[in-house]
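First up is the structure itself, then whatever we jot down about it.
The values are calculated or read from the model by the stated rules, or taken from the named source; none is laboratory data. Owing to the predicted nature of the structure, the values given are computational and were not obtained by experimental measurement. Cβ coordinates were reconstructed from backbone atoms using ideal geometry, including for glycine residues, and neighbour counts include every protein chain displayed. The protein model used for the area step is the full one, side chains on, heavy atoms only, and it has no ligands, DNA or RNA in it. Shrake-Rupley method; radii C 1.70, N 1.55, O 1.52, S 1.80 Å.
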Amino acid sequence: GQLPTWLQGILLRNGPGMHTIGDSKYNHWFDGLALLHSFTFKNGEVYYRSKYLRSDTYNCNVEANRIVVSEFGTMAYPDPCKNIFAKAFCYLSHTIPEFTDNCLINIMKAGDDFYATSETNFIRKINPQTLDTLDKVDYNKYIAVNVTTSHPHYDSAGNILNMGTSIVDKGKTKYVLFKIPSSVPEHEKKKSRFKHLEVVCSIPSRSLLHPSYYHSFGITENYIIFVEQPFRLDIVKMATAYIRGVSWASCLAFSQDDKTWFHIVDRKTKKEVSNKFYADAMVFFHHVNAYEEDGHIVFDIIAYTDNSLYDMFYLKNMNKNFEEISKLTSIPTCKRFVVPLQFDKDAGVGSNLVTLSSTATAVKEKDGNIYCQPEILCEGIELPRINYDYNGKKYKYIFATEVQWSPIPTKIAKFNTQTKEMLHWGGEDCWPSEPIFVPSPDAREEDDGVVLTCVVRTDPQKAPFLIVLDAKTFTELGRATVDVDMHLDLHGMFIPQQDLKTESE
């Protein structure tokens with residue numbers, strides 16, 4: 001096919017790549033050592049490369065020829081401790097675990113630099129052109145967080161907003177929202193931008209020893225949306241996991257009878273809105289988008305009624321019949337919540353405070369709390385992406401992978417949130433990855449541009465490829481076939497040519 005002449009830059013992807021080291025194997029697909037891969041678009045041609053992230057974790061494991069660094073689903077024992085004292089010390093030093101720097105989930109842009117990220121306190125700087133691994137950054141040196149999200153937001157000035165959990169800091173477990181500047185003052189260029197990291201605000205966890213797990217958060221022009229779900233980490237269990245010989249993943253539990261709380265933080269005052277909003281128990285990983293309309297906050301997420309998704313990806317479950325056997329007990333559902341910020345304070349108990357035209361409701365209860373029920377936009381989509389120029393604004397289109405009762409995506413979809421229409425692209429034996437929207441330079445409408453996705457084949461005789469679709473019509477413009485084994489990845493980003501440093505820089 002023909003690629004648009006304006007499509008110049010690099011599609012950078014990240015995900016788990018190596019699951020066996022020597023005679024040892026990881027338990028979970030999300031534990032594999034990070035493998036970066038990229039497609040470089042240059043003058044109508046596409047170049048492919050891939051490279052393992054040379055993290056300390058990678059180097060230690062490869063040198064020992066076995067897994068010696070613990071991952072979320074795999075607890076590793078570096079050395080059988082020599083004597084009882086060494087053993088006791090060994091166990092104690094793992095109480096607040098030294099987390100892995102196997103940054104396998106996403107890519108983050110900070111100023112002119114790019115980082116591979118996961119959900120621990122470490123990120124790794126990478127060169128997007130060569131995929132070489134550079135500096136290791138420990139957030140903990142600048143801010144007290146033990147885990148962070150892999151889905152930061154960027155404001156119009158390019159500053160990064162992200163969230164992390166600070167576990168039992170002076171007896172207070174809290175969620176911390178922080179900002180990393182896009183640029184540092186000229187006279188401090190030699191210093192790290194992370195030295196200028198600032199805490200925007202913190203939200204106390206509803207439970208001291210059971211903070212909520214979260215993978216992303218929402219943002220509008222004036223507010224941050226943090227959803228505290230009853231899918232929680234048990235800190236005591238986590239601190240003793242090493243001694244008990246279990247993985248950290250086993251310290252996560254979903255409380256079906258609990259509530260999901262919405263925390264709305266005013267970005268200007270850095271304070272939480274005083275009204276208390278909640279919804280029924282749910283598990284979710286991805287926010288789609290959020291915006292403000294007529295005194296309401298509207299936010300869309302992909303939610304489940306249980307936490308079966310994570311269990312599917314234990315490698316013992318991933319065999320040749322994976323597609324047929326693995327059935328989700330809860331289908332991903334795109335839910336729209338509408339949270340009224342301005343409403344009549346004298347409104348009666350039981351009255352719906354939502355005045356927008358939506359089937360979503362927010363009902364005032366006797367104790368003053370507001371119970372929110374969502375509008376169901378659609379079912380069966382995951383890994384949602386949008387035109388990021390519309391992030392935090394009213395928008396129309398979601399680009400996502402399509403999953404039904406199996407967690408493996410078989411198609412990609414474009415969903416219109418206003419008309420509920422859906423377009424699909426799929427092919428025989430195709431497992432596409434998260435679709436990335438790239439706007440055309442003279443875009444007038446939200447879907448002016450292309451959608452990029454890498455496709456691995458279930459038939460080993462067929463080569464994987466990258467496909468470029470017209471974002472408006474979802475018709476294929478071109479594809480680039482890659483004559484190597486390509487892995488199914490998680491997340492990534494498109495870096496336009498102008499955002500890449502020249503080689504000399």
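Points worth noting:
- Separation in nanometres of the label points that stand 7 Å from Cα toward Cβ, at GLU421 and ARG206: 4.0
- A simple spin-label model places the labels of LYS501 and VAL62 2.3 nm from each other, with each point 7 Å out along Cα-to-Cβ.
- Solvent exposure of the chain as accessible area per residue, Å², 1.4 Å probe: 44
- Potential extension, SER156-LYS394 segment - 0.36 nm per residue separation minus Cα distance: 84.1 nm
- Two-decimal log10 I(q)/I(0) for region 253-315, as the Debye equation yields it once each C-alpha is a single scatterer, q = 0.13, 0.26, 0.30 Å⁻¹: -0.49, -1.25, -1.35
- Helix content alone sets the calculated 222 nm mean residue ellipticity of the chain: runs of n ≥ 4 DSSP H residues at -39500 (n - 2.57) each, divided across all residues, give -2000 deg cm²/dmol.
- Ranking LEU488, THR20, TYR304 by Cα position along the charge dipole of the chain, where only Lys, Arg, Asp and Glu carry charges on their C-beta atoms, puts THR20 farthest toward the positive end.
- Förster radius 45 Å - calculated FRET efficiency between LYS25 and VAL199 (Cβ-Cβ, nearest 0.05): 0.70
- Note on the chain: Kirkwood radius taken over Cα pairs, Stokes-Einstein applied at 25 °C and 0.890 mPa s, translational D equal to 103 µm² s⁻¹.
- Two-decimal ratio, region 108-229, of alpha-carbon radius of gyration to 2.2 N^0.38 Å: 1.08
- Extension gain (nm, one decimal) between THR305 and VAL236, 0.36 nm per residue minus Cα-Cα: 22.3 nm
- A Förster radius of 25 Å, combined with the Cβ-Cβ distance separating SER274 from LEU356, puts the computed FRET efficiency at roughly 0.70.
- Size of charge dipole - region 9-499 - debye, nearest 20, with Cβ of Lys, Arg +1 and Asp, Glu -1, no other charges: 1320
- Relative contact order of the chain, pairs being alpha-carbon contacts under 8 Å that are 6 or more residues apart, as %: 12
- Local electrostatic count, ASP132, Cβ distance below 12 Å [Lys/Arg +1, Asp/Glu -1]: +4
- Check: region 264-343 dipole with +1 on Lys, Arg Cβ and -1 on Asp, Glu Cβ, in debye: 260
- A 1.4 Å probe, protein heavy atoms only, puts the accessible area of HIS151 near 40 Å².
- At most 13 other Cβ within 10 Å, DSSP loop - trypsin sites (Lys or Arg not before Pro), region 437-505: ARG444, LYS501
- Carbon plus sulfur fraction of accessible area for the chain, probe 1.4 Å, in percent: 50
- Gain upon complete extension [ARG479, GLN342; 0.36 nm per residue less C-alpha separation]: 44.4 nm
- Farthest toward positive dipole pole in the chain [+1 Lys/Arg, -1 Asp/Glu at C-beta], among TYR47, ILE10, SER274: SER274
- Spacing of the two label points (7 Å from each Cα toward its C-beta) at GLN461 and ASP367, in nm: 6.3
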